[in-house]
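Taking it in order: structure first as structure tokens, then the write-up.
Read-outs: derived from the displayed coordinates by stated rules, not from any lab. What you are looking at is a predicted structure, and each value in this text was computed from that prediction instead of being measured. Ideal geometry is used to build each Cβ from the backbone, glycine not excepted, and the neighbour counts take in all protein chains shown.
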Amino acid sequence: MLWLAAFGFLIALALFPVSYRITRVISLALVFAVWLGLISIVWRQRLLRYGLLGITLLAAVFLALPSRGSPPTETLRADYIAGLLRYEGVRYYWGGETARGIDCSGLVRRGLIDALLRCGLRTLDAGLVRQAIGFWWHDCTASALGEQHRSLTVHVLDTPSVNALDYSKVLPGDLAVTTGGVHVMAYLGNHRWIEADPGAGRVITVAAPSRDNSWFHGPMNIVRWSILQ
């Protein structure tokens, strides 16, 4: 009964789109509790016991492995763009960072977390997986991204608007942060941007120049993820 209660609570947290430090701590604790509880439940069944213990050992050894070095930037950049596009159409939810609801900073962070995980597992690079976990653990706002918080991003240029941007100086995956730090968008390439737009109520892609989207008319700070530099 305790195991079922822990499992149900873990599912409820996973379905809730907003993540805080306390919910992340509780989620990690529940993951360990559910996994250890599952091992204890099947302990008398030798095959299942050894299988679950083996998976636990393999996961621990993998996460402890050293990084294999920086992946090809273009490969990670392509994974990032694909990660962003998977959230197209997801409803806007302030503070959200899942497919059940997401906001502007949650979108650009979640796309990178997914890209790091996918690239890390595909290449068996534990360093990338640890970076993905780090990005998930340390939340950051649009304002923090524009201010190069924790050196996560680097400044590229300032522009009077996205419509007036010199596109020869930006790369897919670059971020446009409003000077007030209230909104962030990600560049997809070919003058296309993706954003979790509170006005539209969902994640949308917009081609520049745009006459109707108000975010395309104000001054922006263009930054680049340090890992994509």
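Show that you can apply the helix-only estimate: for the chain, add -39,500 (n - 2.57) for every DSSP H stretch of four or more residues, divide by all residues, and state [θ] at 222 nm to the nearest 500.
Calculated from helices alone, the mean residue ellipticity at 222 nm is -15000 deg cm²/dmol.
Can you tally the net charge around G101? Count Lys and Arg as +1, Asp and Glu as -1, for every other residue whose Cβ sits under 13 Å from the Cβ of G101.
Counting the neighbours of G101, the net charge comes to +2.
Helix 2-15 against the longest principal axis of the chain: what's the angle in degrees, Cα atoms only, rounded to the nearest 10?
That helix lies at roughly 10 degrees to the long axis.
List the chymotrypsin sites (Phe, Trp or Tyr not before Pro) in the range 8-92 that DSSP assigns to loop (not H, G, I, E or B) and whose Cβ has at most 15 other Cβ atoms within 10 Å. Which are they? Before the final figure, lay out the partial values.
Numbers: sites: F9, Y20, F32, W35, W43, Y50, F62, Y80, Y87, Y92; in loops: Y20, W43, Y87.
Passing sites in the range 8-92 are Y20, W43.
What does the C-alpha gyration tensor say about the overall shape of the range 73-228? Classify as rounded when a/c is under 1.5, otherwise prolate if a/b is larger than b/c, or oblate.
Numbers: a/c = 1.60, a/b = 1.38, b/c = 1.16.
Prolate, because a/c is 1.5 or more and a/b exceeds b/c.
Please list, in chain and number order, the residues 5+ apart from M220 or on another chain whose amide H is under 5 Å from its amide H, with Hs placed from the backbone.
Long-range HN contacts for M220: T159, S161.
Working from Cα positions, state the angle (0 to 90°, nearest 10) between the long axis of helix 21-41 and the longest principal axis of the chain.
Between the helix axis and the principal axis of the chain, the angle is about 30 degrees.
Considering every Cα-Cα pair within the range 72-132, what fraction, in whole percent, is farther apart than 18 Å?
34
Please find, in a Gaussian network model of the chain (springs between Cα atoms separated by less than 10 Å), the residue of R86, R202, R211 whose mean-square fluctuation is greatest.
Residue with maximal mean-square fluctuation among R86, R202, R211: R211.
Which net charge results when you count Lys and Arg as +1 and Asp and Glu as -1 among the other residues whose beta-carbon is under 13 Å from that of L65?
+1
Explain nothing, just compute: Karplus ³J(HN,Hα) = 6.51 cos²θ - 1.76 cosθ + 1.60, θ = phi - 60°, for every residue of the range 43-51 in order, whole Hz, x for Gly and Pro.
So the Karplus estimates, Gly and Pro as x, are 4, 6, 9, 4, 4, 5, 4, 5, x Hz.
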